[in-house]
Amino acid sequence: IRSELDNVERLSLVGQMAAGITHEIRNPMAVVRGFLQLMREKSPEDLHSYYHIVMEELDRANSIINDFLSLAQTRVSDKEPAGLQPIMEELTPLIWADANLRGQSVELKISPTMPLLQLNVREIKQLILNLARNGMEAMEAKGVLTLAACEHEDNVLLIITDTGGGMPQSQLKQLFTPFFTTKSQGTGLGLPLCLSIAERHNGTIRVESEVGSGTSVIVTFPVESREGTVQSPVYM
Ligand code: ADP
Ligand code: MG
């Protein structure tokens, strides 16, 4: 009965998502269509500014489709024993480069030894990059993004903290609703995707935020066995 219920819930969710994505993709398409029409009547100088708008809208439609496909992939993910530290260390140069372009800095605080987890590495990378990007997008120049990982009471915690604008309670409640976004170029699918990845790892996500001082996103992964620990060679 339980799995049938899950299927029914999943189907209705897919239906809701389909309605949502239809709406979200039609918006950029309408904008592109409108601008193409304008382009026919305008001078070559005007075309230049229209070009950027059209490209941005097409990119947005593309992001929505990519995020949606990741989210729609509901099958159980293949997992392997892996540590969080090597994944974080591998992603750091990428995140650092992005932060650098924004005039922001990145700090890593990784506990030297942590137990191995059962992870789908591709999904965990997606999770970390999404949370890091949200943090950077919430901050001005000089902001600091902190990526931390530690062990706490049979869980491994991944904590991503920014010194950005934070969020009021009313906004916190909507974070995991698909398509909720406050950004002109946002898809509103990043956090729903992170939640589904955390759940596929039997984990949870909690968001703590204070307006004016910043936000922490805490992802908890249960330690399912104690068959090994990973030593972090770099960060002690
Ligand atoms: P998107 O980033 O495409 O808008 P997300 O699902 O990743 O979609 O995030 C939804 C919304 O949650 C964002 O538009 C933003 O308003 C808010 N949000 C997410 N992370 C943060 C953060 N670190 N600081 C402030 N607001 C955030
Ligand atoms: Mg996002």
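Throughout, read-outs are computed from the coordinates displayed, never taken from laboratory work. These numbers were taken from a predicted model, which means no experiment stands behind them. When we count neighbours, we look across all protein chains shown, and the Cβ atoms used for this are built from the backbone with ideal geometry, even at glycine.
Regarding segment 142-212, what whole-number volume in Å³ per residue does the convex hull of its Cα atoms give?
Dividing the Cα hull volume of segment 142-212 by its residues yields 114 Å³.
Which whole-number percent of Cα pairs in segment 118-170 have a distance greater than 18 Å?
Within segment 118-170, distances greater than 18 Å cover 43 percent of Cα pairs.
So what are the ³J(HN,Hα) numbers for segment 57-66, from phi and the Karplus equation (6.51, -1.76, 1.60; θ = phi - 60°), rounded to whole Hz, Gly and Pro as x?
Once θ is set to phi - 60°, the couplings for segment 57-66 become 5, 5, 4, 5, 4, 5, 4, 4, 5, 4 Hz.
In nm, what is the difference between 0.36 nm times the number of residues separating Q37 and N62 and their Cα-Cα distance?
Working it through step by step, the gained length comes to 6.8 nm.
Below 8 Å, C-alpha to C-alpha, sequence gap of six or more: please give me the relative contact order for segment 68-150 in percent.
Across segment 68-150, relative contact order equals 43 percent.
Where does helix 2-41 land angle-wise versus the long Cα axis of the chain, in degrees 0 to 90, nearest 10?
The angle comes out near 40 degrees.
What fraction, in whole percent, of alpha-carbon pairs in the chain exceed 24 Å separation?
54 percent
Is the shape of segment 41-164 rounded, prolate or oblate, going by the alpha carbon gyration tensor and its root eigenvalues a ≥ b ≥ c, with a/c under 1.5 for rounded and a/b larger than b/c for prolate?
Note, shape of segment 41-164 comes out oblate.
Using Cα-Cα distances under 8 Å and only pairs 6 or more residues apart, what relative contact order does the chain have, in percent?
Relative contact order comes out at 21 percent.
To the nearest 20 Debye, how big is the dipole of the chain about its Cα centre, given +1 on the beta carbon of each Lys and Arg and -1 on that of each Asp and Glu?
420 debye
Grab every C-alpha pair in segment 87-157, bin the distances at 10 angstrom width from 0 up to the longest one, and report whole percents.
So the P(r) values, bin by bin, are 18, 50, 26, 5.
When the dipole is taken about the Cα centre of segment 100-180, and only Lys, Arg (+1) and Asp, Glu (-1) are charged at their Cβ, what size is it in debye, to the nearest 20?
Using Cβ point charges on Lys, Arg, Asp and Glu, segment 100-180 gives about 300 debye.
Rounded to the nearest 10 degrees, what's the angle between the helix 121-138 long axis and the longest principal axis of the chain, both from Cα atoms, 0 to 90?
Roughly 60 degrees between the two axes.
Along each principal axis of its Cα atoms, how long is segment 109-236 end to end? Whole angstroms, biggest number first, please.
That works out to 45, 31, 24 Å along the principal axes.
Provide the percentage of antiparallel DSSP beta bridges, counting only those with both residues in segment 32-178; round to the nearest 5.
Percentage antiparallel, nearest 5: 60.
List the lysines whose Cα sits under 27 Å from the Cα of K109, skipping any in the same chain fewer than 8 residues away.
Leaving aside lysines fewer than 8 places away in the same chain, those within reach of K109 are K79, K125, K142.
Grab the DSSP H runs of the chain that are 4 residues or longer, score each as -39,500 (n - 2.57), total them, divide by all residues and round the 222 nm result to the nearest 500 deg cm²/dmol.
Rounded to the nearest 500, the figure is -17500 deg cm²/dmol.
So for R200, R60, R206, R40, fewest C-beta neighbours within 10 Å to most, what's the order?
R40, R206, R200, R60
Which listed residue (G103, P86, A149) has the Cα farthest towards the positive end of the charge dipole for the chain, taking +1 on Lys and Arg C-beta and -1 on Asp and Glu C-beta about the Cα centre?
Checking the options against the dipole of the chain, the answer is G103.
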